[in-house]
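Novice: Encoded as structure tokens, here's the structure I'll be asking about.
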Ligand code: DX5
Ligand code: ZN
């Protein structure tokens with residue numbers, strides 16, 4: 001039996017002037033993970049936050065920090081995010097010359113390694129990494145910004161990732177990120193996703209709406 005879907009609000013859509021309070025609010029509203037989008041203005045065309053902010057926010061959360069690194073080169077910063085309090089660290093194969101080594105490094109630091117595939121990256125990219133990852137993240141938008149539309153062609157990739165996870169016999173989470181709404185959530189879950197990242201659809205309407213927004217994504 002599939003595990004119940006977990007919801008990982010992306011704090012990219014939170015009120016950045018009060019991030020600590022926003023994290024506390026989404027936890028009270030039922031968030032299962034805190035998704036942290038790290039962007040460098042180079043690997044993706046936007047700049048967000050670094051390890052110092054992750055460290056400052058960590059005491060505000062009880063739930064695991066799911067840190068999605070959209071930075072290149074990525075290797076020099078893995079340890080800083082691990083020290084800052086990341087629980088899972090997810091990297092793009094394009095973000096460094098040796099993704100296998102990067103995942104080994106994350107594991108060696110006692111963190112959960114994840115690999116993330118852009119819409120243009122084929123599913124085969126995970127084939128030689130299955131023994132190393134605790135999470136596969138399928139992007140359903142091109143990374144860089146919140147508020148974009150779900151790319152439906154990625155549903156097939158979610159299905160293909162689910163098949164590979166089943167075959168591997170390992171306990172690997174299958175996460176989907178980008179354009180997740182109550183409608184697209186249903187399709188992602190049907191395709192095999194068990195963790196949904198959502199920014200816009202969790203944070204819309206302010207704190208009093210967060211619980212209902214999260215519940216609406218559970219399918
Ligand atoms: C995009 C980020 C996503 C994004 C999701 O680069 O990785 O996590 O914030 O935002 P929504 O849910 O608004 O598409
Ligand atoms: Zn993300």
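Each reported figure results from applying straightforward, stated rules to the coordinates on display, with no laboratory input. Since this is a predicted model, take the numbers as computed values, not measurements. Backbone-built Cβ (ideal geometry, glycine too); neighbour counts: all protein chains shown.
Novice: Output needed: percent of Cα pairs per 10 Å distance bin for region 23-76, bins running from 0 to the one holding the longest distance.
Specialist: In order of increasing distance, the bins hold 23, 48, 25, 4 percent.
Novice: Would you please report the Å³ per residue occupied by the convex hull of the alpha carbon atoms in region 30-144?
Specialist: Each residue corresponds to 105 Å³ of Cα convex hull volume.
Novice: Beta carbons within 10 angstrom, averaged per residue: use that to sort the peptides 52-61, 85-94, highest first.
Specialist: Ranked from most to least packed, the peptides come out as 85-94, 52-61.
Novice: How many percent of Cα pairs in the chain exceed 26 Å?
Specialist: Across the chain, Cα pairs with separations above 26 Å total 28 percent.
Novice: Taking a quarter of the surface of the convex hull around the Cα atoms of region 97-150, what do you get in nm²?
Specialist: 4.4 nm²
Novice: Normalised by the empirical 2.2 N^0.38 Å for globular proteins, what value does the Cα Rg of region 61-115 take?
Specialist: Rounded to two decimals, the normalised Rg is 1.01.
Novice: Using helices alone, I'd like the mean residue ellipticity at 222 nm for the chain: each DSSP H run of four-plus residues gives -39500 (n - 2.57), total over residue count, nearest 500.
Specialist: -9500 deg cm²/dmol
Novice: Packing-wise, with mean Cβ within 10 Å as the measure, how do 169-178, 31-40 rank, highest first?
Specialist: The most tightly packed comes first, giving 31-40, 169-178.
Novice: Can you pull the three principal axis extents for the Cα set of region 77-188, in Å, largest first?
Specialist: Each principal axis gives a Cα extent; for region 77-188 these are 38, 32, 24 Å.
Novice: Now for a different question. Viscosity 1.002 mPa s, temperature 20 °C: give me the Stokes-Einstein translational D for region 129-219 in µm²/s, with Rh taken as the Kirkwood radius over C-alpha pairs.
Specialist: Estimated diffusion coefficient is 158 µm²/s.
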